[in-house]
Amino acid sequence: MRAAISKLTGIKPLAVAYATIAGKYNDWPAAVQRWADVVHQFPNDEAIARGLFEARLALIGSETPSEPIAHAASDLPHQAEAGEQPSVVELAMRFESMGGGDGQGCEFGMFQRTLGAEPLGLLRWASLEPADVVAALRARFEGVGDPEQTVIGKLTWPDHEEYTTSDVKYGMHMHSFINTSTMTEQQAVQMLGRRLKFLTRKFIEDLISGEKIFVYRKITRDLEDSEIDEMHAAMRSYGDNTMLYVRYEDGDHPNGTVSFVRPGLMIGYIDRFAFSRDMQRTSAANESWLRICQNAYRLWMDRGAADAGLKAVR
């Protein structure tokens, strides 16, 4: 058996099939390990990276997750030393999406995917409005994943149908990445409930640790100062963490500018999003996002300047 498996090395279709089989039998610890091996062999393949991501999601939602689950779900890269430039993957993993408004909360998560980063984030694929973010933060996401608070829906794609979840208390709508043909709705309810509980705990732990930059954006308009202040205050109630709110550029703040306006709050400015203000699809703004993240990371690493509250980079 081992000899046969060793022959999979370097043969992409066979290696992918071997990883996929473990998932078909719901052996998620094995699936995660096999997909990780394939990613190691083919590190720049987005479809393979997604396979590992979805296996990790299934593992944290499985009925009897294995002991190494914390390691399987760990996202945080090593902390760069002063002056050290992180790789684009390490850079992307330093940020945590808080979703987005207008029913299109996936943009930052998709940007991370284009860089080869696949973090497990509660809100990475979530659409929710600013007031809902504040309400969830203030309540510490109480009840997320509970059956009575979670509505299971279905989203039809050209080639498959996917389960979705909606939280009735906080207005969180998100993808599940579970094909409806692979399990019943009742099975999906149980798996997604366990997954949401795990990701909620992880999100709160990340807020408390203060080792990530939390990103939010809304497409149709810029947030009012009062909305930003409420969201920032709700986040900072957890600890010394940092929020990056990204809004449209203006005459004083061209695309890519990032400013620290107070401890724990950065404002980034972008030329466009993947959708226009009137919600027409344009194209991915990955170059703009990368520039913003690079500048935000530079500011964030310079903690002394951040605490001074007035530094900006372009």
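Bear in mind that the values in this text are calculations on the coordinates, not laboratory data. In this text, all values refer to a predicted model and were calculated from it rather than measured experimentally. Methodologically, a virtual Cβ is constructed for each residue, glycine included, from the backbone with ideal geometry; neighbour enumeration extends over all protein chains shown.
Quick notes on this one:
- With an a/c value of 1.5 or above and a/b not larger than b/c for the gyration tensor axes a ≥ b ≥ c computed over the alpha-carbon atoms, region 100-184 is described as oblate.
- Anchor K218: aspartates and glutamates whose Cα lies under 18 Å away (excluding residues fewer than 8 positions away in-chain): E96, D102, E107, E129, D132, E227, D229, E230, E249, D250, D271, D278
- Environment charge at D27 (Cβ cut-off 13 Å; Lys +1, Arg +1, Asp -1, Glu -1): +1
- Derived value for the chain: Kirkwood hydrodynamic radius 20.4 Å. Basis is the mean of 1/r over every pair of different alpha-carbon atoms.
- Taking only the C-alpha atoms of region 179-314, the Rg (one decimal) and the largest Cα-Cα distance, Dmax (whole number), read 17.6, 54 Å.
- In the chain, the DSSP beta bridges split such that about 55 percent are antiparallel, to the nearest 5.
- For region 214-296, the list of trypsin sites (Lys or Arg not before Pro) that fall in a loop by DSSP and count at most 14 other C-beta atoms within 10 angstrom reads R221, R277.
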